[in-house]
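These notes concern the structure reproduced below.
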Amino acid sequence: MAGDLESDRRALIASKPTAFATVDEERQHRKERLAGVCRVFGRLGYADGLLGHVTVRDPEHADRFWMNPVGVSFRQLKVSQLVLVGHDGAVLDGDRPINPVGFRLHAALHAARPEVNAVCHMHSLYGKTWSSLGRCLDPITQDSAVLFGQQAIITSPRVALTVEDGKEFATHFGDKRVGIQVGHGLFSTGHTVDEAAWWFITMETSCHVQLMAEAAGAPVLWQPDEAHMMVAALGAPDFGWASFQPFWDEIVATDPDLFE
C-alpha cells in the first residue's frame, strides 16, 4: 500500500522547485515567493493587525533572512518592501521596522535548524484557539495525519523578550516540522517558503476541523501506522511545495503589483 501511495504522490507532483543559474536569481525568487505567501495569508484571513511574520533565509548569507516589515498590509505587501535582517537583529536592507519578538523567534529557529530556509507564524483564528488547549492535533483526517509526530508543543516562553528566550523557543521546537506555541499560535517550517506556507495552511485548516469535530462528538483517529504512511508520502517537502503552487498561480494572476 505504501508503495502504491508513493507512486500516486509522484503522479500528483507536476513540477519541481526552480533551479537557478546565479545566487541573485535565487534571492529574487525567494523574495517574490515570500511576498506572495504574505498576500495569500492576507487573503485567507490570517493577518492580525501588526502581528504575524514570514521569513526566508538569504541564499548567499546563511546568517541573514528576509522578512515582512511591520505595518504593511499582508494583502498589499510588495517585494520592494521586504527587509533583510541579520541574526544579530541588524537591518541590512530596507527602511521599515520589523517585529522584534518575531525576529527573535525566527532568528533562533534559523540558527538552530540549518536545513530550514523558511518559517511562518500568523495569529490565525483557529490556530490561536487550538493553541490555548496545549495539545497536538490528532490524526482525524488525511490532512491532519500528515502532521502526525511532526508537532512541537511549546509552553515557554510565552513571549520572546530576549535572545535567550528565542533560543529556549528553538530548543523546545526541536527537530519538528511545525510548532504550537501554547496560548499564542502556530509556526511552520520548510525547505522553501512555499512548503512552509502549505504546512501552515494545513495546520490552520486542521485546527478548524478538529475544533468542529470535537464540538460535535468524539472523532475517530487514524491508526499510527496509517498516519506514518501519510507523513512519509504526502508529508514530503516536494509535496508541500507542489501543494502551494495553485495559491501562487492565483495570486500572481490577480496581484501582479506584488513584484514591484
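The values are calculated or read from the model by the stated rules, or taken from the named source; none is laboratory data. Bear in mind the structure is a predicted one, so any value in this text is a computation, not a measurement. Quick reminder, even Gly has a Cβ in these numbers, built from the backbone with ideal geometry, and neighbours come from all protein chains shown.
Scanning the stretch 98-131 for residues that are touching a residue at least 12 places away in the same chain (Cβ under 8 Å) and exposed (fewer than 13 other Cβ atoms within 10 Å of the Cβ), which turns out farthest from the chain's Cα centre (by Cα)?
Only one residue fits best here, namely P114.
Can you name the number of the only condition in (1) out of contact with any Pro (no Cβ under 8 Å at 6 or more places or on another chain); (2) outside any loop (DSSP other than H, G, I, E, B); (3) crowded, with 18+ Cβ neighbours inside 10 Å that H172 fails?
Condition not satisfied by H172: (3).
So which residues in the stretch 158-167 are part of a helix (DSSP H, G or I) and within 17 Å of G185 (Cβ to Cβ)?
Within the stretch 158-167, D165, G166 qualify.
Filtering the stretch 191-209 down to residues that are among the β-branched types (V, I, T) and closer than 15 Å to H121 by Cα, which residue is surrounded by the most Cβ atoms within 10 Å (Cβ to Cβ)?
V193
Of everything in the stretch 158-169 that's among the hydrophobic types (A, V, I, L, M, F, W, C) and either closer than 27 Å to M212 by Cβ or at pLDDT below 95 (or both), which residue is surrounded by the most Cβ atoms within 10 Å (Cβ to Cβ)?
If we take residues in the stretch 158-169 being among the hydrophobic types (A, V, I, L, M, F, W, C) and either closer than 27 Å to M212 by Cβ or at pLDDT below 95 (or both), then A160 is surrounded by the most Cβ atoms within 10 Å (Cβ to Cβ).
Return yes or no: is D238 acidic (D, E), modelled with pLDDT under 95 and within 28 Å of E32 (Cα to Cα)?
yes
Can you name the condition, by its number, that F65 falls short on among (1) touching a residue at least 40 places away in the same chain (Cβ under 8 Å); (2) part of a helix (DSSP H, G or I)?
Of everything listed in (1) touching a residue at least 40 places away in the same chain (Cβ under 8 Å); (2) part of a helix (DSSP H, G or I), F65 misses just condition (2).
Out of all the residues in the stretch 181-190, is one or more touching a helix residue (DSSP H, G or I) at 6+ places or on another chain (Cβ under 8 Å), of a type in the set (A, V, I, L, M, F, W, C), under 25 Å from Q245 (Cα atoms) and buried (at least 24 other Cβ atoms within 10 Å of the Cβ)?
Looking through the stretch 181-190, at least one residue is touching a helix residue (DSSP H, G or I) at 6+ places or on another chain (Cβ under 8 Å), of a type in the set (A, V, I, L, M, F, W, C), under 25 Å from Q245 (Cα atoms) and buried (at least 24 other Cβ atoms within 10 Å of the Cβ).
Within the stretch 210-229, identify whether any single residue is surrounded by fewer than 18 Cβ atoms within 10 Å (Cβ to Cβ) and in contact with a Ser or Thr (Cβ under 7 Å, 6 or more places away or on another chain), and answer yes or no.
Checking the stretch 210-229: at least one residue is surrounded by fewer than 18 Cβ atoms within 10 Å (Cβ to Cβ) and in contact with a Ser or Thr (Cβ under 7 Å, 6 or more places away or on another chain).
Which of the residues spanning the stretch 102-125 are in contact with a strand residue (DSSP E or B) (Cβ under 9 Å, 6 or more places away or on another chain) and in a helix (DSSP H, G or I)?
Hits for the stretch 102-125 are G102, F103, L105, H106, A107, L109, H110, L125.
In the stretch 134-157, which residues are exposed (fewer than 15 other Cβ atoms within 10 Å of the Cβ) and either part of a helix (DSSP H, G or I) or among the hydrophobic types (A, V, I, L, M, F, W, C) (or both)?
Once the filter is applied, which keeps residues that are exposed (fewer than 15 other Cβ atoms within 10 Å of the Cβ) and either part of a helix (DSSP H, G or I) or among the hydrophobic types (A, V, I, L, M, F, W, C) (or both), the stretch 134-157 yields only Q142.
Could you please let me know if S243 is closer than 23 Å to F41 by Cα, touching a Phe, Trp or Tyr at 6+ places or on another chain (Cβ under 7 Å), of a type in the set (G, A, S) and surrounded by fewer than 22 Cβ atoms within 10 Å (Cβ to Cβ)?
Yes; evaluated as a whole, the condition is true for this residue.
What are the residues in the stretch 200-223 that are more than 13 Å from F247 (Cβ to Cβ), in a helix (DSSP H, G or I) and free of Cβ contacts under 8 Å to residues at least 60 places away in the same chain, if any?
M212, E214, A215, A216
Could you list, in sequence order, all residues of the stretch 43-58 that are in contact with a Phe, Trp or Tyr (Cβ under 9 Å, 6 or more places away or on another chain) and either in a loop (DSSP other than H, G, I, E, B) or at pLDDT below 95 (or both)?
L44, Y46, A47, G52, D58
A quick yes/no check of all residues on (1) over 15 Å from H121 (Cβ atoms); (2) out of contact with any strand residue (DSSP E or B) (no Cβ under 7 Å at 6 or more places or on another chain); (3) among the small types (G, A, S):
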site: G42; (1), (2), (3): no, yes, yes
site: Y46; (1), (2), (3): no, no, no
site: L50; (1), (2), (3): no, yes, no
site: H53; (1), (2), (3): no, no, no
site: H61; (1), (2), (3): yes, yes, no
site: N68; (1), (2), (3): no, no, no
site: G71; (1), (2), (3): yes, yes, yes
site: V79; (1), (2), (3): yes, yes, no
